[in-house]
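**Student:** Input: one structure, supplied below.
The values are calculated or read from the model by the stated rules, or taken from the named source; none is laboratory data. Just so it is clear, the model here is predicted, and its values are computed rather than measured. Methodologically, a virtual Cβ is constructed for each residue, glycine included, from the backbone with ideal geometry; neighbour enumeration extends over all protein chains shown.
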Amino acid sequence: MIKPRGIRQDGVVGVVAPAGTVCEEELNKGVLRLEGLGWKVRLGASVLRRNRYLAGSDAQRVADLHQMFSDPEVDAVICARGGSGTARLIPLLDRERLAAHPKIFIGCSDITTILLYLHVCLGQVVFHGPMVAPNFGRDTSAKMEEVLLGLCSGQSLSLSEPGIRVLRTGRAEGSLVGGCLTLLCTSIGTPFEVPTEDRILFIEDVDEAPYKVDRMMSYLKSLGKFDRVRGIVFGEMVRCHFPDGSSDRLEDVLMEILAGYEIPILFGFPSGHGPLNLPLPFGVPVRLDTETKSLALLEPAVG
């Protein structure tokens, strides 16, 4: 894995919008918060553009991405938000340019597609985590900032939160990979198909009914994606649960699908669409430990 360099104390962070349209008020709040961390912020030219439900045309959005990766002054690239549209950029990406300038790249949700492309096709460590408008622009979590600063400065952190639950006990080590369940499924058959063999697999999603989660998990199972995985960590699966008052639980559905796989499984890790979006480095070896309900990095995520 190719590790990006860390962010300098007074480093420059580039903000791009590879997917959906961005709320200007939330973007401005998020920029102020990033500047409060000591970073200079540079906005992509099309961040506030609108083309139907997209932040500008495909050419405009991919140009911003290329510009930020090529700019030697930019230490890291953080997505303004998710939404939809990243799959349209994949055929337009300049592989040589992105490979020549590996950088900290952070996003989640629909950004999963670009994370997988950079990770699988270019062998780069990438970060599933907070975005400028929905996270830095709305949330006020000091923990999110603390973890982000730690990862970007080369600390090997152990990540755990009180709401995490154990679905199957055990301990396992492997390279971390994953993202939004819907986008993991749409990666199948592409050059950036999610790799799961000998991995710790992270899965999260939002606003998907339990029967849809069942369908997607069953699809991945039918492809053998869980056959040689070493452990699974589910996110909070925001608004993917049965209605209040129901005796049914999404966790039971997941464990029915994963019956027979003797691997440790955690549920409720706060990365993705929940109120606390902790960054997770994909491509870095980690230890999943259900006794401590934690993911511990076994080496720094940056070089």
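**Student:** Suppose we filter 271, 246 for residues that are more than 24 Å from residue 110 (Cα to Cα) and outside any strand (DSSP E or B); which single one remains?
**Tutor:** Exactly one residue qualifies, and that residue is 246.
**Student:** Of the conditions (1) more than 14 Å from residue 282 (Cβ to Cβ); (2) not in a loop (DSSP other than H, G, I, E, B), residue 201 satisfies every one except a single condition; which number is it?
**Tutor:** (1) is the only condition that residue 201 fails.
**Student:** Restricting the first residue to the stretch 245-260 and requiring it to be in the same structural domain as residue 181 (by TED's automatic domain parsing), which pairs with a second residue that is among the small types (Gly, Ala, Ser) and in a helix (DSSP H, G or I) meet a Cβ separation below 7 Å and a spacing of at least six or different chains?
**Tutor:** Listed by first residue and then by second, the contacts come to 257/218.
**Student:** Identify, please: which residue in the stretch 14-26 is in contact with a strand residue (DSSP E or B) (Cβ under 8 Å, 6 or more places away or on another chain) and assigned to a loop (DSSP other than H, G, I, E, B) and is, among those, surrounded by the fewest Cβ atoms within 10 Å (Cβ to Cβ)?
**Tutor:** It comes out as 21.
**Student:** Test each condition in (1) over 18 Å from residue 83 (Cβ atoms); (2) out of contact with any Leu (no Cβ under 8 Å at 6 or more places or on another chain); (3) modelled with pLDDT of 95 or more; (4) hydrophobic (A, V, I, L, M, F, W, C) for residue 142 and report the one that comes out false.
**Tutor:** Status for residue 142: all satisfied but (3).
**Student:** Test each condition in (1) assigned by TED's automatic domain parsing to the domain that holds residue 264; (2) surrounded by 15 or more Cβ atoms within 10 Å (Cβ to Cβ); (3) closer than 19 Å to residue 130 by Cα for residue 207 and report the one that comes out false.
**Tutor:** Evaluating residue 207 over (1) assigned by TED's automatic domain parsing to the domain that holds residue 264; (2) surrounded by 15 or more Cβ atoms within 10 Å (Cβ to Cβ); (3) closer than 19 Å to residue 130 by Cα leaves (2) as the failure.
**Student:** Going residue by residue through the stretch 2-13, is there one that turns out to be over 16 Å from residue 149 (Cα atoms) and surrounded by fewer than 17 Cβ atoms within 10 Å (Cβ to Cβ)?
**Tutor:** Yes.
**Student:** Continuing with the same structure: Anything in the stretch 228-243 that is surrounded by fewer than 19 Cβ atoms within 10 Å (Cβ to Cβ), out of contact with any Ser or Thr (no Cβ under 8 Å at 6 or more places or on another chain) and assigned to a loop (DSSP other than H, G, I, E, B)? List them, or say none.
**Tutor:** Selection gives 239, 241, 242, 243.
**Student:** Still on this model: Condition check: at pLDDT 95 or above, crowded, with 16+ Cβ neighbours inside 10 Å and within 28 Å of residue 118 (Cβ to Cβ). Does residue 213 satisfy that?
**Tutor:** yes
**Student:** Where residues in the stretch 69-83 are surrounded by fewer than 24 Cβ atoms within 10 Å (Cβ to Cβ) and in contact with a Gly (Cβ under 6 Å, 6 or more places away or on another chain), which of them is nearest to residue 277 (Cα to Cα)?
**Tutor:** 83
For every residue, the table says whether it meets (1) more than 20 Å from the chain's Cα centre (by Cα); (2) touching a residue at least 60 places away in the same chain (Cβ under 8 Å); (3) farther than 16 Å from residue 152 by Cα.
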| position | (1), (2), (3) |
| --- | --- |
| 31 | no, yes, yes |
| 36 | yes, no, no |
| 45 | yes, no, yes |
| 57 | yes, no, yes |
| 76 | no, yes, no |
| 84 | no, yes, yes |
| 94 | yes, no, yes |
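**Student:** Touching a Lys or Arg at 6+ places or on another chain (Cβ under 9 Å), assigned to a helix (DSSP H, G or I) and closer than 28 Å to residue 121 by Cβ: does that describe residue 60?
**Tutor:** Yes, satisfied.
**Student:** Now, a different point. Could you check residue 303 against (1) within 30 Å of residue 101 (Cβ to Cβ); (2) over 17 Å from the mean Cα position of the chain (by Cα); (3) assigned by TED's automatic domain parsing to the domain that holds residue 196 and say which number it fails?
**Tutor:** Every listed condition holds for residue 303 apart from (3).
**Student:** What tally of residues in the stretch 141-181 results from selecting those that are assigned to a helix (DSSP H, G or I) and either of a type in the set (A, V, I, L, M, F, W, C) or without any contact (Cβ under 8 Å) to a residue 40 or more places away in the chain (or both)?
**Tutor:** 10
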